[in-house]
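Reviewing the structure listed below.
Here, each number is a calculation from the coordinates, and none is a lab measurement. Not measured: the values here are computed from a predicted model. Note that each Cβ is placed from the backbone with ideal geometry, even for glycine, and that neighbours are counted across all protein chains shown.
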Amino acid sequence: MVSTVERDGQTWYECEECGLLLDDEDDAKAHEENCDAEDPSYLQ
Ligand SMILES: [Zn+2]
């Protein structure tokens, strides 16, 4: 899930998988769908 963060009067969208902040909700959702943090390689 992408979470919203209010900072300096601007809304940011945070990837809950890796903590990346993006200023565009669509970009954040697109990122999270492909986020590597969702599939941790250390489990292999
Ligand atoms: Zn991410």
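Some observations on this one:
- Cα-based shape type of the range 2-43, given that a ≥ b ≥ c are square roots of the gyration tensor eigenvalues and the cut on a/c is 1.5: prolate
- Cβ-based net charge around Glu6, under 13 Å, with every Lys or Arg adding one and every Asp or Glu removing one: -2
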